[in-house]
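Enquirer: The following block contains the structure, expressed as structure tokens.
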Amino acid sequence: MPESDSSHLRAVGAAVFVTMLWSSSWILIRVGLDDEDLAPLTFAGLRYTLAAALVAGWAMSRREHRQQVASIERAMWKRLVVLGVVFFTITQGAQFVAIDNQPAATASLMLAPTAFAVALFSGRSLGERSSRRQYAGAVCVAMGAGVYFAGDLGATVVGMIASVVGLAANVSGSLLGRSVNRISTLSPTVITAVSMTVSAVLLLVVGLLVEGMPDLTTRLVVIIAWLAIANTAFAFTLWNWSLRHLAAVESAAINNTMLIQIAALAWIFLGEAPGIAGVAGVLIVSAGAFLTTSAPRTRHP
């Protein structure tokens, strides 16, 4: 197998593994929000601030990473700060609010158009021309999600507004993340540490100001620690590495498989069994993800 194909395959596998970690987060978030009654913005802020501290501590413990941080130019600093605010502060904050106000499956459904939107805009903003096969795959992913969740979604006004904000920020974050990782010589650890630290602290400050100090139980501490270490610090670093080898539309399509993963976890842990429409949705989303990620490489003019 050629080296480029091997790297691409490893990147796809890494991205899929990251989505599995992120999908499990939704179940843990629901436990924290409902069973432990933790406010959404504060919950998100605690998770990402702890994760940022871990990643930043690891980055600063290595000489090469310290040298990279010291060499970051002002233009790249601005890119990293914007990436962090969009991809962490806005996207994650909005998702926590959406999950708090409506079923997790409904909130995840609202992210279904991400792959199609990224495919639509990546050609203009990144110069990555998506193939017809990738467009078809992105459309299939969105259609499959709609089929899967056909029926009463239990949506609320606040939840839907938060979901729309999260969708817009998720699309923007996908494009920004691909842009930064494609042009930068910084390691994924440094990119994650810088972008996450600024945005996580901002998210936590907003949460504490709006929602007040939380009452943390032992169970909550364990949940937050796991989310921060495995599902955030490790997962986002690995995700940034995969973005070096995947086109924006490919990463967005893989990210959208979380719709099915979340639904499966909800079935296992929450007893929400899918019907015929659910099975059909699984097949359509799977086909869409395959079309998008197995298509010929996007062309760079």
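Enquirer: Would you mention how many residues in region 42-56 are hydrophobic (A, V, I, L, M, F, W, C), crowded, with 24+ Cβ neighbours inside 10 Å and out of contact with any Asp or Glu (no Cβ under 9 Å at 6 or more places or on another chain)?
Expert: Filtering region 42-56 down to residues hydrophobic (A, V, I, L, M, F, W, C) leaves 43-44, 46, 50-56.
From what's left, crowded, with 24+ Cβ neighbours inside 10 Å: 43-44, 46, 51-52, 55.
After this cut, where a residue has to be out of contact with any Asp or Glu (no Cβ under 9 Å at 6 or more places or on another chain) as well, the list is 44, 46, 51-52, 55.
Adding up the residues that qualify gives 5.
Enquirer: To continue, here is another question. Can you tell me which of 198, 139, 190, 221 is β-branched (Val, Ile, Thr), closer than 19 Å to residue 248 by Cβ and assigned to a helix (DSSP H, G or I)?
Expert: Values: 198 fails: closer than 19 Å to residue 248 by Cβ; 190 fails: closer than 19 Å to residue 248 by Cβ; 221 fails: closer than 19 Å to residue 248 by Cβ.
None of the others qualify; the one that does is 139.
Enquirer: Only one of 230, 263 is part of a helix (DSSP H, G or I), out of contact with any His (no Cβ under 9 Å at 6 or more places or on another chain) and surrounded by 15 or more Cβ atoms within 10 Å (Cβ to Cβ). Can you tell me which? Give the steps one after another, and end with the answer.
Expert: Details: 230 fails: surrounded by 15 or more Cβ atoms within 10 Å (Cβ to Cβ).
263 is the lone residue from the list that is part of a helix (DSSP H, G or I), out of contact with any His (no Cβ under 9 Å at 6 or more places or on another chain) and surrounded by 15 or more Cβ atoms within 10 Å (Cβ to Cβ).
Enquirer: Report the residue count in region 206-226 for those that are surrounded by 20 or more Cβ atoms within 10 Å (Cβ to Cβ) and within 17 Å of residue 35 (Cβ to Cβ). First the steps, then the outcome.
Expert: Applying the first criterion (surrounded by 20 or more Cβ atoms within 10 Å (Cβ to Cβ)) to region 206-226 yields 207, 223-224.
When the remaining residues are screened for being within 17 Å of residue 35 (Cβ to Cβ), the result is 223-224.
Result for region 206-226: 2.
Enquirer: Among residues belonging to region 183-205 that are over 20 Å from residue 235 (Cβ atoms) and modelled with pLDDT under 90, point out the one that is surrounded by the fewest Cβ atoms within 10 Å (Cβ to Cβ). Break it down into steps so the answer makes sense when it comes.
Expert: From region 183-205, those over 20 Å from residue 235 (Cβ atoms) are 183, 185, 202, 205; that's our starting set.
Next cut, modelled with pLDDT under 90 only: 183, 185.
Details: 183: 11, 185: 8.
Only one residue tops the list, namely 185.
Enquirer: Counting only residues that are under 17 Å from residue 105 (Cα atoms), of a type in the set (A, V, I, L, M) and touching a residue at least 12 places away in the same chain (Cβ under 8 Å), how many does region 157-184 have?
Expert: 6
Enquirer: Scan 94, 39, 59 and give me the residue that is crowded, with 17+ Cβ neighbours inside 10 Å and within 14 Å of the chain's Cα centre (by Cα).
Expert: Numbers: 39 fails: within 14 Å of the chain's Cα centre (by Cα); 59 fails: within 14 Å of the chain's Cα centre (by Cα).
Answer to the check: 94.
Enquirer: What are the residue pairs meeting all of these: first residue in region 277-301, first residue farther than 12 Å from residue 257 by Cα, second residue exposed (fewer than 15 other Cβ atoms within 10 Å of the Cβ) and modelled with pLDDT of 75 or more, Cβ atoms under 6 Å, and 6 or more apart or on different chains?
Expert: As it stands, the answer is 291/133; 295/133, since those pairs meet every condition given.
The values are calculated or read from the model by the stated rules, or taken from the named source; none is laboratory data. This structure is a prediction, so every number in the text was calculated from the model and none was measured. Every residue, glycine among them, receives a Cβ derived from its backbone with ideal geometry; neighbour counts consider all protein chains shown.
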